[in-house]
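The values are calculated or read from the model by the stated rules, or taken from the named source; none is laboratory data. Because the structure is a prediction, the values reported are computed rather than measured. Reconstructed Cβ throughout: ideal geometry from the backbone, glycine too, with neighbour counts over all protein chains shown. Protein only, heavy atoms only, side chains kept; ligands, DNA and RNA dropped before computing areas. Shrake-Rupley method; radii C 1.70, N 1.55, O 1.52, S 1.80 Å.
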Amino acid sequence: MQSVWLSDALAAETETKITPLDGDLKVDVAIVGGGYTGLWAAIELKNRDPSLDVAIIERDICGAGGSGANAGFALPMWLQLPLLEKMSDTSEALRIGHASLQAIEDIKAISRDHEIDTQINSANTLWVATCEKQSGHWDKMMALMESHQIHTYRFLDHDQLADATGSHSLYGGVIDTASVLLHPGHLVRGLRKAALSKGVRIFEKTEMTKLGRTSPPTVTTPQGVVTAKKVVLGLYGWSLSIPELRHSAMVMFTDAAMTAPMPEKLEEIGFRDAPGITDSKTFIEACRPTADGRVMWTKSGGRLPYGDNLDACTKSHYRTDDEFRDVMAGFHPSLRDAEIQGRWSGPIDRTMSGLPIFGRLPTCRDIVFGYGYSGSGVVPSRLGSHILASLVQDLDDEWTRCPLVSPLSRSFPGEPFRWVGGQIVKTAIARKDRFDHEGREVGPITNFWLKFKPPSYKPS
Ligand SMILES: Cc1cc2nc3c(=O)[nH]c(=O)nc-3n(C[C@H](O)[C@H](O)[C@H](O)COP(=O)(O)OP(=O)(O)OC[C@H]3O[C@@H](n4cnc5c(N)ncnc54)[C@H](O)[C@@H]3O)c2cc1C
């Protein structure tokens with residue numbers, strides 16, 4: 001189930017040469033995973049030291065994971081401020097927030113410098129209420145932002161939202177004027193192009209089948225063994241296949257769909273240049289227009305993988321077309337009957353802190369990792385590349401000391417408890433979201449299980 005974004009980006013490439021590994025290899029840095037995390041890390045390492053020999057090992061093609069499948073909401077990390085403050089202090093949390101703004105500028109800059117068609121325009125993103133009960137979810141967050149002199153969030157009432165989106169179904173919301181929308185497929189394939197131009201070697205269709213926690217570490221693939229001074233793991237949800245990383249995150253799938261192009265229709269209903277919209281459910285739903293006049297939307301709370309078997313979750317569709325149409329109609333009733341062009345789903349890797357984790361593998365300090373984006377990885381993966389590069393270079397600096405470099409935890413149990421517990425919490429969340437829409441209160445049992453849901457980057 002390739003995303004429409006990735007198909008778009010591949011179709012626009014004049015030549016796509018896939019080079020699998022062919023024999024053993026010795027490099028300075030081997031990066032496993034060709035998504036935003038791996039590609040940005042490679043680019044940052046080459047920027048710092050062009051003489052480094054860097055190779056990326058990707059089991060499919062670059063962009064086949066979350067990076068080619070997401071909704072393209074590039075969000076600054078201000079909403080994670082309270083989570084970051086918990087991990088460190090206010091000044092460090094604010095520093096990360098500012099660094100995330102710079103990360104958005106970096107995406108714009110690399111798009112310019114390497115002619116990547118990321119399609120960033122002036123559209124921002126909105127957090128909205130799609131029912132009365134969701135209204136005001138953001139009040140505390142808005143007060144916090146004001147107290148820190150962050151003035152990029154602005155409240156919009158029903159009429160202002162109707163002006164911005166053409167939809168009269170939204171009760172109120174907050175616009176994030178520092179965020180942007182982009183084309184995720186072009187971004188990931190463009191980062192691949194940028195990395196190649198800097199001399200990074202990319203081996204696609206090359207799966208890591210074994211990680212040697214030796215000195216130096218090794219990455220075994222069916223085509224050969226890569227020996228590297230340092231290994232970077234940018235495996236996203238597939239990090240669950242690494243025993244040391246398994247207990248610090250859980251994975252749940254998010255489903256996505258895209259309509260066929262209909263620019264005239266979007267013009268007519270006032271959605272052509274609308275911001276991206278996310279509702280205030282716990283299992284968030286989101287939708288956005290694309291540069292070529294389609295609408296993409298997502299619904300979280302999809303399949304839960306058993307153990308690290310993520311691939312089983314993509315074999316068939318979890319949600320029906322009608323469920324997707326309901327999501328669309330919730331945002332914009334006139335889009336209910338739009339033609340669906342493509343559907344796919346992808347993993348979201350959640351940590352108990354709601355923040356990504358970077359660090360060194362406790363069993364081998366020459367292997368570093370970054371994962372656990374908890375639903376927002378477009379911007380944090382660029383920020384994380386500074387951390388990964390500093391870890392690879394054994395530096396003791398602002399990046400290796402930052403709160404995102406945190407010890408691994410045992411927050412999530414092993415199977416079968418993880419899957420069973422996950423299903424119970426998932427059911428409780430879906431029930432709460434449904435009851436909110438029906439104006440009802442959930443009972444004490446549901447409230448009990450809701451305590452186990454990992455936090456998120458939403459304003460509530
Ligand atoms: C439907 C959906 C919507 C989303 N929307 C947004 C959004 O709007 N904004 C936002 O900020 N974030 C969003 N996200 C999250 C975002 O996509 C991710 O946080 C981000 O892509 C993570 O990048 P990554 O490079 O770590 O992971 P990936 O892009 O998944 O890269 C990991 C790579 O590792 C490879 N791999 C796995 N195992 C192996 C192995 N054994 N050997 C070699 N390679 C291997 C995979 O094939 C994959 O290409 C969304 C995610 C989904 C699924």
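Suppose we filter the stretch 261-312 for residues that are within 11 Å of the ligand (Cβ to nearest atom) and in contact with a Pro (Cβ under 6 Å, 6 or more places away or on another chain); how many remain?
Total meeting the criteria: 1.
Can you confirm whether the stretch 278-291 contains a residue that is of a type in the set (G, A, S), touching a residue at least 12 places away in the same chain (Cβ under 8 Å) and on the phi > 0 side of the Ramachandran plot?
Of the stretch 278-291, the ones of a type in the set (G, A, S) are 280, 286, 291.
Going one step further and asking which of them are touching a residue at least 12 places away in the same chain (Cβ under 8 Å), we end up with 280, 286, 291.
Now drop any that are not on the phi > 0 side of the Ramachandran plot, which leaves none.
Scanning the stretch 278-291 turns up no residue that is of a type in the set (G, A, S), touching a residue at least 12 places away in the same chain (Cβ under 8 Å) and on the phi > 0 side of the Ramachandran plot.
Quick check on the stretch 225-243: of everything there that is open to solvent by 10 Å² or more (accessible area, probe 1.4 Å) and farther than 19 Å from I387 by Cα, which residue is farthest from the ligand (Cβ to nearest atom)?
T227
Hey, can you tell me all the residues within the stretch 270-321 that are part of a loop (DSSP other than H, G, I, E, B), in contact with a strand residue (DSSP E or B) (Cβ under 8 Å, 6 or more places away or on another chain) and aliphatic (A, V, I, L, M)?
A274, I284, L304, L310 - these are the residues of the stretch 270-321 that are part of a loop (DSSP other than H, G, I, E, B), in contact with a strand residue (DSSP E or B) (Cβ under 8 Å, 6 or more places away or on another chain) and aliphatic (A, V, I, L, M).
Taking the stated definitions as given, is G199 in contact with a helix residue (DSSP H, G or I) (Cβ under 9 Å, 6 or more places away or on another chain) and not in a loop (DSSP other than H, G, I, E, B)?
No; evaluated as a whole, the condition is false for this residue.
Please determine whether any residue of the stretch 246-261 is assigned to a loop (DSSP other than H, G, I, E, B) and at pLDDT below 95.
no
Taking the stretch 335-358 on its own, how many of its residues are farther than 19 Å from F324 by Cα and among the aliphatic types (A, V, I, L, M)?
Adding up the residues that qualify gives 3.
Could you grab me the full set of residues in the stretch 293-328 that are in contact with a helix residue (DSSP H, G or I) (Cβ under 7 Å, 6 or more places away or on another chain) and either on the phi < 0 side of the Ramachandran plot or of a type in the set (K, R) (or both)?
V295, W297, K299, R303, L304, P305, Y306, D308, L310, M328
Let's see how each residue does on (1) in a strand (DSSP E or B); (2) assigned by TED's automatic domain parsing to the domain that holds K108; (3) away from the ligand (no atom under 15 Å from the Cβ):
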position: R360; (1), (2), (3): yes, yes, yes
position: G375; (1), (2), (3): no, yes, no
position: S390; (1), (2), (3): no, yes, yes
position: L395; (1), (2), (3): no, yes, yes
position: T427; (1), (2), (3): no, no, yes
position: E441; (1), (2), (3): no, no, yes
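Among the listed residues R112, R154, identify the single one that is more than 20 Å from T282 (Cβ to Cβ), outside any helix (DSSP H, G or I) and either basic (K, R) or free of Cβ contacts under 8 Å to residues at least 24 places away in the same chain (or both).
R154
Sort out for me the helices (runs of 4 or more DSSP H) sitting completely within the stretch 1-102 that have 2 or more residues that are more than 16 Å from the ligand (Cβ to nearest atom), farther than 30 Å from P216 by Cβ and open to solvent by 30 Å² or more (accessible area, probe 1.4 Å). Steps first, please.
Numbers: elements: 4-11, 36-48, 81-87.
Because the criterion is at least 2 residues that are more than 16 Å from the ligand (Cβ to nearest atom), farther than 30 Å from P216 by Cβ and open to solvent by 30 Å² or more (accessible area, probe 1.4 Å), the helices (runs of 4 or more DSSP H) in the stretch 1-102 that meet it are 81-87.
Assess whether A312 counts as being surrounded by 15 or more Cβ atoms within 10 Å (Cβ to Cβ) and among the aliphatic types (A, V, I, L, M).
Spelling it out, it is not the case that A312 is surrounded by 15 or more Cβ atoms within 10 Å (Cβ to Cβ) and among the aliphatic types (A, V, I, L, M).
If you scan the stretch 86-101, which residues turn out to be in contact (Cβ under 8 Å) with a residue 24 or more places away in the chain and closer than 30 Å to W5 by Cβ?
I96, G97, A99, S100, L101
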